[in-house]
Each structure stands twice: as C-alpha cells, then as structure tokens.
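S.K.: Before I ask anything, here is the structure I am working with.
No value in this document is a laboratory result; all are computed from the given coordinates. Given the structure is predicted, the values throughout are model-derived calculations rather than measurements. Methodologically, a virtual Cβ is constructed for each residue, glycine included, from the backbone with ideal geometry; neighbour enumeration extends over all protein chains shown.
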C-alpha cells in the first residue's frame, strides 16, 4: 500500500524463508542421524536460485551469513585453549600436522592438474585441510566414547588443524592477485599471517588471563559478552584489513576470550546468538551451489575423485601421525579426521566470492565436504565397536570441552543450554 | 592486498565502530544515571555523518538496525500478557487511552499548523503517543517502588499505549501515499490493521496456550527460541506485506510467544541476541540525526515547544485517566508516562525513511524522545518521595513482569541473566 515497503518486505521475507529452511533442513537431517549442518546446506540448495528460487542472494543475507561465519569461528576459538592443546601432546600434534600436509599436497596436485595456476591451486587445496571439529565431536559424543585415547587425539588434532588451516588461509589469501610469486613477497605474507596469529594467540591470551575481571567492570551485566563480541568484530576487521580472512580474527578473538574466567557463560550466550545467525551462513552456502553443475557424468566422476583424495589424505596422513597408537587405533583416528565442515566451506565461499575459482570448483568442494561428513560417521562407528574396551579413566576436561564444541552447530551443547 | 576485501573490511569496520560506540555511550549514560538508550543514541550522533563521520549508513547497518528494532519489539511483546492487561484493569486502560488521545491531538495540531497535510500530520502525531515502557520500568525498579499502585497503573498503561500506538501506526502508515483520503479507504485500512492485530493477539495467543509443547518437539533443544524467532520474522514480513510496520508483526509474535510455557527461557535468550543487535538500531537512530539542524534558534524554540506539548499530552491526558487515584497519585502516573522511547523513535525512523517528513522533523522527534526520557525520571523521583508510604502487598507478578521489560535495553533484566 502507501509507503514504499516492498524492498523491506522482500528483505524480511528472505530472512524468514532462509531461517525456516535452515530449521526444517536441520530437523530432517538429524532425524536421519546426519549432522544438522548437512541439512541446512541441503535446504539452501533447495530454496536457492538453482532449484526453487525462493531466495535471492542479496547483500542483507550475505552480511548475516558473514556474521554467522564470524560467530561460528569465534565459538570454535572459544573452545580452543592453548593449555589443553599442550596437554593433548605430541600425538595430536603429529596427527594434526600430517593431516594437513597430505590433504594439502593431494588437493594442490589435483587443482594444478585441473589447470589452476600455483596460487589458486594452493587456495583450492587449503579448502581440503580442515577437519570439522564440530561434526567429529558430535559423533564421538553420540557414541559415548569421548573418554577414549583415540577421541582425545582426534579432538586435539582437529583443533590443531583448524589453527594450521587459518595460517594457511592467511598465506594463500594474501598470495592471490600478485601476478608473479616471488620468494620475498611470499615470506612477507607468511610472516604477516604468522605474526598476527602468534601475537594475538600468545600475547592476547596472556593478557586476558590476567585481566578478565575487566570484562565485568562495565555497568551492563552482559558486558563480558558485549566486550568479547566487540573484540571479535574488531579482530575480524583487523584481519580483513591485513588481507587475511575476517574469520581468522574471529577465531583468535575466541581463543583470547577462552582464557577469561567468564568463558562458560560466554559459550552459552554465543550459542544463543549463533542459533539466530549461523543458519544464514549454511543456507547461503547451499544456495550458492549450482547443483545443476554436478549433474553431468564428468562432474560426478570428478566429485568422486576429489572425495577419494580428501578421504585418503586424512586417513593416511592422520593414520601415519597416530601410528604410535597401533594400527587399528591409528585407523580410527584417520577416519575420525575425515569429515570436513565449517572451515573448508568458509574457505570455499571466500574463494568463490573473490573469484579465485568458479562455480564448478565451489560446487565440488561443498559437495566433498558434505560427502565426507556423511560417509565418515557410520564407518567410524563400526571401527570403534570393533575396538577392545579401554579402561575408562573418566571423561577428562579436555573431552568435555570439545564435546561442547559440537554445538558449533549441533545440539550437544545446546542440550546443556536447555538443561540449565 | 590480493583479494578485493576492501568492501568487506569497510563493512566489518562499520559494524565494529557502531557496536563499540553503543557500549561506550551506554556506559557513560548509565554512570550519569541516564537510561542506556540515551547514551547509545548520543553515541550515534557523535560517530555519525553529522559529526565525526566515522560511520557511513549503508545497507548492512540498516538491516542489522531493522533486525534490532524487530527483536526489541518482539521482547516488548514477550512481556505483554493479555491476562495481565486484564488484571491491571480499568484505571490502566483509561490512562493508556487518554494518554494516547491527547498527545495525538496535540501532535497532529502542531504538525498541521507546521504545514503538513492531514495524513502526514497523523503520522507525525503517532510518534508522540507511545510511552517507553522500558525506560519507565527501569526508573520505577531503581526507586524500588514497583509494588505501588501508581507503578502498576503506569506499567499496565504503558503496555496498552504500545498496543494502541501499533494500531495507530498501522492505520497512518497505510494512509500515506493515497492522494485523497476517502472514508471507505480509511475504514478498510483501519479494518486491516485492527483485524491483523486482533487475529494474532487473540487467536494466536489462544492457540499458543494450547500448543506450547510443540515448541519443544524438534530435536534442536533451542527450538523454542528458533521457532519463536521464525514466528517473529514471519509475522514481521506478513505485517510489512500488508502495508503495516514490520515491528507490529514482531510485537504480536512476542505476545503469542509470551503465552508459551517456555516464556522465561525465551526472555533470557532474547536478551542475549538483543545485546548484539539492538545497539545497531539506537546508534543508527542517532547517526541519522543531523544535529546541525537543531543548532538554530528557531529550531531550538520548536524543539522546546514540541517537548512541552509531548509532556503536557501525557501529564494531562494520563493524569485525567488516573484521577480516580487522587490528585497527587494521578500526577505521579502522568509524569511516569512522559518518557518516550523505542516505539516513538521507530515511528520517526519509519517516517523519515519513507519520506513522510524530512530531517528537521525527524531530528525534532528524536530529540523530543531523548529529552522526555532525561527530564521525567528526576521529577518522578521527587514526586514519589513526597507520597505517603503505601502498605506493600508484595510486588505482584505483574510488576516483576514489567520490571524485566526494562531489559528492553537496560540492565534490569540483564542482571537476572547474569545472576543465573
């Protein structure tokens, strides 16, 4: 009627449809015992321009999706404590490192052979490296095996490879665009990324351990949350300004906030905000996939190849890293590290939006992430059931910690929320 | 560097600056014993284009601000229970109704004399009518007088005038644009607004009372929240589609959700999401004010006139409505109803964005809202201290209910959050 409300109506309708699609998709996926994320991305494919076309991708949706990704990585950071990483120790580190190197090499080799130049091939490959700590933790939690050595190693290594993926993303992002790659430029870029991450991760967490009472100083009783969110937005902007991905800053802000005394309240509150914003990220991820592109036989063949490479990279790489645990346990660790998720998909989104690669590669990476997330859990379950029982020494703090991480999107931590 | 991140950096930087400005402004205001809202709007004036120019008003910020307004009205609705309204009874109703009619007449008369045509004058006037339930509740809470009869009447009447303001906004919004105002058109528009509000308020709440277990049916343990948010977005889009303001739909969604068994958890969780999004609304409100416009003597004179009209409208209108309580108590009620806030400012924003009126009128309305919010509390305090003590019959449910409403933006309810 009277006022020019049609644009406002369109925006609100888009927000509504995306949000509802996410809830429906998550519900269906979880009833099918799949991760909620898978359902949300699939819902995005369905309502997006490639299928039903109910949702147009416009700037409001993109901003909410970006905020969702920022919050998601903030919450992953919030679960990442330097001390716990040290405690999980050498095995997790070797699993994490080997599990990044091999998938990166395989991914880069495939991308290079597919015709990408070296910087772009490295960007594509960096979408192969990060295990979804959230999805894996959820599966281990559901199986009730969070206390096992294999589980501790998997979760520690998943966090380590998140950090390595962040570093890698910083380096490959900054490598794009500059025509010739010279060694001094590469070193400068790597130094910026490593320096920023190291500065915040070590100095920031150190400062926070001493000064967390400051978070309670303002009058506003929600100030620990609002100050942490301000830190999150500030470091995201700073990372973006330095040419790194904004989510790296958000992840670091989470790591800093994790050292505060108010960490548990922050986790609960972040979950609530995420329940509103993160669905926008996953539904838009799905909506950007032009599923038509995957319908040809050559593309399906490529998808199979890429997925096999992604699986081999983790099973062999991580398995080698965990060989000190014995063959069967090393296999469990390798399979447990297979699911890709949030981080890989975020890398893929960044690459597509920055036109590092086109719709085909984007569709392949997202589909590969979904497939690994869907395929690994049943295999992991079977392998774990075949293992000899391990004397339960109680589920240590580290495990509880990462169990909550499942709430990165799933209900595990949300249960805690609902139960409080 | 490489990737075209500059737009992303700019957007993130804007989000960061606005969020930090809000926290700083709220903190300063609260240390000066002023409502947090006043500080956030003032912060917006400072960082906005009219002063420092650190923030450009772009679509991402506008969408977040709109979501903030939608959530704010959702939370006001969440505190509004039909049953409580019935209980507060006849006095509150007559205060609410008289306190809408007189300010509306005064506002419309002023706008008409200032040269607006009738539909626009009605729009301007509708920004005069709504008392800020949040600010008033906060003041009464701080004085520890929530249990007094006057307080109950004020809070009940504030809710009733929110509803009347919503209805009025629906009608005047739909009246804009259509050149000639004919009676049948007016009736149709009024019928649509009243019909939509009545349908959702009565049928929706009735259905929710019977079916709140459904909110817990999905696997996601945060589902009562996500389903309520979906309802909020859906009704906001529906209201917008019908030519009403989106916030009307959000308010109604809140009223419906208030009937669910999960109301208290919803309140807590909504507060958390609001702490992230509502600051965008108030800072942008301030950033849109071209404070330069208020610096001329004629404009300052007009501001004084408008503020006096706004004060008289409520003190006389509400005072008459409350005359059964005795002169002194009626005066307390009248002064308690003076602060304008969220709803009036939202109406002003809508009017400016829809070009119903220009920057001068917008600046006047926002400044009037701020002045009434700053001026009334000290007077109210003095009046209340002069009243004879009333036998405390315990702070009834209705009062606790609306005390929480202060968290619409202030710390009152957030304390509850922090304390849990």
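S.K.: Using only DSSP helix segments of four residues or longer, with each worth -39500 (n - 2.57), what per-residue ellipticity at 222 nm results for chain A after dividing by its residue count and rounding to 500?
M.R.: -25000 deg cm²/dmol
S.K.: Next question, about the same structure. log₁₀ I(q)/I(0) of the protein assembly as shown at q = 0.06, 0.07, 0.10 Å⁻¹, via Debye over equal Cα point scatterers, no solvent, to two decimals?
M.R.: -0.41, -0.54, -1.03
S.K.: Still on this structure: Ratio of Rg to Rh for the range A:265-304, alpha carbon only, Kirkwood?
M.R.: With Rg and the Kirkwood Rh in hand, the quotient comes to 1.33.
S.K.: Going by how many other beta carbons lie within 10 Å of each one, how would you line up B:184, B:126, fewest first?
M.R.: In increasing order of surrounding Cβ atoms, one gets B:184, B:126.
S.K.: Per q in 0.26 Å⁻¹, report the Debye log10 I(q)/I(0) for the range A:210-293, using one uniform scatterer on each alpha carbon and no solvent.
M.R.: -1.24
S.K.: Taking 7 Å along the Cα-to-C-beta vector as the label spot, tell me the residue B:149-residue B:216 distance in nanometres, rounded to one decimal.
M.R.: It works out to 4.1 nm between the two label points.
S.K.: Above 13 Å lies some portion of the pair distances; for the range B:67-116, what is it as a whole percent of all C-alpha pairs?
M.R.: Value for the range B:67-116: 71 percent of Cα pairs lie more than 13 Å apart.
S.K.: Averaging sequence separations of C-alpha pairs under 8 Å and six or more residues apart, then dividing by the length of the range A:188-273, give the relative contact order as a whole percent.
M.R.: With pairs under 8 Å counted, the relative contact order is 34 percent.
S.K.: If you bin the C-alpha pair distances of the range A:157-316 every 10 Å from 0, what whole percents do you get?
M.R.: The distribution over the range A:157-316 is 9, 26, 31, 23, 9, 2, 0, given as percents.
S.K.: In square nanometres, what is the average projected area of the Cα convex hull of the range A:11-135?
M.R.: Across all orientations, the range A:11-135 yields a mean hull projection of 10.4 nm².
S.K.: Quick check: convex hull of the Cα atoms in chain A, volume per residue, rounded to a whole Å³?
M.R.: Here the figure is 157 Å³ per residue.
S.K.: Going 7 Å from Cα along the Cα-Cβ axis for the label, what nanometre distances separate residue B:28 from the same residue across the other copies?
M.R.: Once sorted, the set of distances for residue B:28 reads 5.2 nm.
S.K.: Fewest to most neighbouring Cβ within 10 Å: what's the order for B:340, B:323?
M.R.: Ranked by crowding around the Cβ, least crowded first: B:323, B:340.
S.K.: What percent of all Cα-Cα pairs in the range B:1-68 falls in each 5 Å bin, counting up from 0?
M.R.: 4, 17, 22, 24, 15, 9, 5, 2, 1, 0
S.K.: Sticking with this one: Counting pairwise Cα distances across the range B:193-250, what percent come out greater than 12 angstrom?
M.R.: Result for the distance tail: 68 percent.
S.K.: Hey, another quick one. Given R₀ = 41 Å, FRET efficiency for residue A:7-residue B:305 by Cβ-Cβ distance, to 0.05?
M.R.: The calculated FRET efficiency here is 0.70.
S.K.: Here is a further query. Would you tell me the mean number of C-beta atoms belonging to other protein chains that fall within 10 Å of each C-beta in A:226-235, as a whole number?
M.R.: If you average over the peptide's residues, the count of other-chain Cβ atoms is 5.
S.K.: Still on this structure, I have one more. Hey, how many Å between the Cα centroid of the range B:39-116 and the Cα centroid of the range A:306-338?
M.R.: For the range B:39-116 versus the range A:306-338, the Cα centre distance is 58 Å.
S.K.: Would you mind computing, in nm to one decimal, how far apart the modelled labels at residue B:203 and residue B:327 are, each placed 7 Å from Cα along Cα→Cβ?
M.R.: 5.0 nm
S.K.: A follow-up question, please. Out of B:253, B:287, B:217, any idea which swings most in a Gaussian network model of chain B, alpha carbons joined below 10 Å?
M.R.: Between B:253, B:287, B:217, it is B:217 that shows the largest mean-square fluctuation.
S.K.: Can you figure out the FRET efficiency of residue A:90 with residue B:32, using R₀ = 56 Å and their beta-carbon distance, to the nearest 0.05?
M.R.: After rounding to 0.05, the efficiency reads 0.50.
S.K.: Within 10 Å of each residue's Cβ, count the other Cβ atoms and sort B:131, A:372 from fewest upward.
M.R.: Going from least to most buried by this count: A:372, B:131.
S.K.: Taking only the alpha-carbon positions of the range A:231-347 and ignoring solvent, what does the Debye formula give for the base-10 log of I(q)/I(0) at q = 0.12, 0.15, 0.16, 0.17 Å⁻¹?
M.R.: Once normalised to I(0) and log-transformed, intensities are -0.74, -1.02, -1.07, -1.10.
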